[in-house]
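*Asks:* Take a look at this one; I'll ask things after.
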Amino acid sequence: MSVTTHERPGVYSEYDASSVVQGRQGRKMVGMAAIHATAPAGVPQTVTSYEGALIAFGSTGGQDMTELIRLALKNGAAGVVAVPVADEEGYEAAFAALAAMDDIGVVICDSVDREVQQSLRDSAAAASAARRERIAVAAGGAGNILLFENAVKAVSNSWSDGTAAQPLYLDPNGNQTTTVTALKARDAMGAPMTGEYKLEQQENLMLDYMDIVKTYLNDSTLGSLKYRALQNVLSGITDKKEKLKTVTALAITNDTTKAAYEYYRQRVWRIVNASDMTEINSMLADLRVDKVALEVTSAKTQVIVGDKPYDLELTGGSTQKNYRTEVTVTAVRGTGMQRVYFTRTQNVTVVTSGWEAILEKGYTANNAYFYDTPTKQSLTIAVNVNENGTTRYYNVKVVYPAQSGLTLGPNASIGTANYREDAPGNLKSYDSSTGYISGGVEFGTTIYASMNLYTDGTAATEAITPVWPTGTDSLYYKDSNQAYFARPGYYWLPVTNGTTSGLLPMLASVPFNSVSAYLTAAKNAGTNVTTLTDNAKELMDSVYKKVDGFKYHFDNALYLNSDGTAPEPGCTADKITKGTSIQARTYFGAPLYGISLVEKELNTLLDLTAIFTTWGTNADLAAQQFEAYQKILNMKGGIHNVMDIHSTADRNTYQEIRQAKWDLLKTTDLEGINAILTSLNLDNITPAKPQATLGDVDGNGEIDMDDAALLIRYCNNLIKLTDEQRAAAELNGDREIDMDDAALLIRYCNNLLPSFPAQN
């Protein structure tokens, strides 16, 4: 019986076994593209024997085309369709020729170039889509070939000679045998056993390897990590490590060994399907075998600053550990924070503590970056190089030059290392009476919220402060030595001294114990308002639940993932994992915390609280504010989270949108609302056309001489009419309100007119 929901052969809780090996259905041809110096390039040749391969292609005695053909035939191929390739440029044409052929089950090539292997993958996928199903197998080194070859050989032979399908019996000593006896061999669950039980490990190894190959073709680094992890597991099985004593159904004898068996299978499955090195090593740790380490290889040793690589030539250095040879790399200035990576070859080892592997980039550390500051900065990395068996010792000094010319930078009195968004301010005091976040920005003669003028990276001593708004209902303002911010988040305050200008970074952060005040205010807002729209209530409910469920993580530091990425804004709380010990930072260098993941939702909660409060006194205005607010939230290219800032343009958009949302809350009419929408290039809100009954000028539900008297007073400039009253008074359809309309209304009231011309 076959259980199609299972991905691997073996015994599951349903005591069933299955196989995905297709050897019973006849052998297929192997397609092959490989470099050959003399054979006609691009011309397919079918070979069914090793002697035929020798005649067609000769032999160099190494891993040439003939040897690859031999291995394919040895492992069960019916024959090989070999396409010689003259150089790297010829692989694509060779793959195309093979893709057009039927009866090919596997396509292989000898290239270790990633682009060639991806082309192989794409060709196999296209052929399979055209009903010529096949798999692609890329070269992966001698160890890979041997490991896979032995598994394929065992499985192929057992199915070819029929032993895999034969029932197993018990001999007088209780051992499984294919010799018929009175006792059928049964597994721990009672199911009859066949020879396939003895192939379980090899079959699973084949499938694991094939999945790893698929990974390798998309991500060579991750694929290599998985392969090495699989090797470590197999070594642990050979050494009979405690956690690896029950890896096949044959070893299951009781509930304990059954649990051990399932424990092993689950962890190998997770290794094969892991998305990063952290998950791989977690499973290896569970199995008590050696973890894998990332080996980033490149043609040259490099230091990467931001996105710019710098080649290093580390040869002939000091052989004395205490007298390292210094090698200096001077980077080019960029914008924003510049993280430093050290990409190493096999022979180069980073010995400076705290450096961790980042997939596809190399090694970095928590403090391996340069702030966006005008001053000169440097970072030294100690590395050891194995040069022909001799260890050479180096200090690689990475220099980030000062910014040239005149520029504004951080207050030098508090230290240039503190130039980041949370250092000048880091305001965290919450005032429940005003809802503002506050903090001290001055202390005696020291003004923390200030900047200095820098000349070629050297700071003058004069403090230059921003121009603070004075209104206490502003988005932010200063009173005495305290600064106040109405919304949590990151701010860049304009500063100028007449010579140049800059932006002072500030952070207003909500302490964990103050979040409940925001939530309580949000819950109470609009409680007794019956005119709230459903979509307004739904949005409030959504952001409330997000903030409430995330509040315990506001103060948690955020860390990079093993691929160098940070957690995504708006993620769920369970996604905050410490993939590395490297703290995530803003584009400009400030450390990030959990609150940044729900920054948009938190500010939306506060803004909706204000709109709902307005709704209780002016429903029409609040409804228009909410409609405009939705337009801003959903605008294309909008930036609502600091984690979405990846350029200075993003920063400007972030600030513009936050100010626009604050100004929207302060509007008193539709004209003000539309002015904000226009500033953001958003469609305006069109006011609803007043609904009125023609002739009922006073709106009391009756048309009588009182309405005519009211209209006559308006025509004589004695009173003003509302929009609704004007709509009811325009009776003749000429879009003007005058005595002609009054005359029509008098005639109507005296039953001299059946209807108004405007009705027609």
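Coordinate-derived values only; no laboratory data. Please read all numbers here as calculations on a predicted model, not as lab measurements. FYI the Cβ positions are ideal-geometry reconstructions off the backbone, even for glycines, and counts take in every protein chain you see.
*Asks:* Would you list 507, 73 from fewest to most Cβ contacts within 10 Å?
*Replies:* Lowest count first: 73, 507.
*Asks:* Run through every distinct alpha carbon pair of the range 569-627 and return the Kirkwood hydrodynamic radius in angstroms, one decimal place.
*Replies:* Here the Kirkwood hydrodynamic radius works out to 14.1 Å.
*Asks:* Give me the compactness ratio for the range 515-679, meaning the Cα radius of gyration over 2.2 N^0.38 Å.
*Replies:* Relative to the rule-of-thumb radius for its length, the range 515-679 sits at 1.12.
*Asks:* Using a 10 Å cut-off on Cβ atoms, rank the peptides 167-173, 535-541, 481-487 from the highest mean neighbour count down.
*Replies:* Packing proxy ranking, top to bottom: 481-487, 535-541, 167-173.
*Asks:* Kindly state, to the nearest 0.05, the FRET efficiency for residue 531 paired with residue 747, given R0 = 51 Å and r defined as their beta-carbon distance.
*Replies:* Working from the Cβ atoms, E equals 0.80.
*Asks:* In nm, give the distance between the simple-model label positions of residue 555 and residue 759, each being 7 Å from the Cα along the Cα-to-Cβ direction.
*Replies:* It is 7.2 nm.
*Asks:* Related question: Using 0.36 nm times the number of residues separating residue 458 and residue 186, minus their current alpha carbon distance, what extension gain do you get?
*Replies:* Length difference between fully extended and current span is 89.7 nm.
*Asks:* Extending each Cα 7 Å along its Cβ direction at residue 479 and residue 685, get the distance between those two points in nm, one decimal.
*Replies:* Each label point lies 7 Å from its Cα, and together they span 3.0 nm.
*Asks:* Could you rank the peptides 651-659, 318-326 by their average count of other C-beta atoms within 10 Å per residue, with the highest value first?
*Replies:* Packing order, densest peptide first, comes out as 651-659, 318-326.
*Asks:* If eta is 0.890 mPa s and T is 25 °C, what Stokes-Einstein diffusion coefficient results for the range 301-400, Kirkwood Rh from Cα pairs, in µm²/s?
*Replies:* 178 µm²/s
*Asks:* When ranked by the protection proxy of mean other Cβ atoms within 10 Å per residue, highest first, what sequence do the peptides 693-706, 97-110, 624-637 form?
*Replies:* Final packing ranking: 97-110, 624-637, 693-706.
*Asks:* Putting +1 on Lys and Arg Cβ atoms and -1 on Asp and Glu Cβ atoms, find which of 705, 725, 745 reaches farthest to the positive end of the dipole of the range 705-759.
*Replies:* Farthest towards the positive pole: 705.
*Asks:* Moving on. Order these by the 10 Å Cβ neighbour count, fewest first: 270, 735.
*Replies:* Ordered by Cβ neighbours within 10 Å, fewest first: 735, 270.
*Asks:* Å³ per residue of the Cα convex hull, for the chain?
*Replies:* Each residue corresponds to 301 Å³ of Cα convex hull volume.
*Asks:* Now for a separate question. Give, to the nearest whole percent, the P(r) tail of the range 451-605 beyond 28 angstrom, counting all Cα pairs.
*Replies:* Distances greater than 28 Å cover 39 percent of the Cα pairs.
*Asks:* Can you check how the C-alpha radius of gyration of the range 705-759 compares to 2.2 N^0.38 Å, as a plain ratio?
*Replies:* This ratio for the range 705-759 stands at 1.03.
*Asks:* Step by step: find N for the range 406-509, compute 2.2 N^0.38 Å, then divide the Cα radius of gyration by it. What's the final number?
*Replies:* So the Cα radius of gyration is 1.05 times the expected 2.2 N^0.38 Å.
*Asks:* With runs of 4+ DSSP H residues as the only contributors, calculate the mean residue ellipticity of the chain at 222 nm using -39,500 (n - 2.57) per run, divided by the residue total and rounded to the nearest 500.
*Replies:* Mean residue ellipticity at 222 nm (helix-derived): -10500 deg cm²/dmol.
*Asks:* Would you grab the residues whose amide H sits under 5 Å from the one on residue 358? Only those 5+ places off in sequence or on another chain, please, with H modelled 1.01 Å from N.
*Replies:* The answer is 363, 364.
*Asks:* Can you compute the FRET efficiency between residue 320 and residue 659 using 1/(1 + (r/R0)^6), with r the Cβ-Cβ distance and R0 = 56 Å? Round to the nearest 0.05.
*Replies:* Approximately 0.40, to the nearest 0.05.
*Asks:* In whole Å, what is the distance between the alpha-carbon centres of the range 341-415 and the range 120-134?
*Replies:* Cα centroid to Cα centroid, the span is 45 Å.
*Asks:* Neighbour counts of other C-beta atoms within 10 Å: give me 392, 713 arranged from fewest to most.
*Replies:* 713, 392
*Asks:* State, to one decimal in nm, how far the label point of residue 431 lies from the label point of residue 78, with both points 7 Å from Cα in the Cβ direction.
*Replies:* It works out to 8.5 nm between the two label points.
*Asks:* To continue, here is another question. If one computes the Cα centroid of the range 534-573 and of the range 712-760, what distance in Å separates the two points?
*Replies:* That distance is 58 Å.
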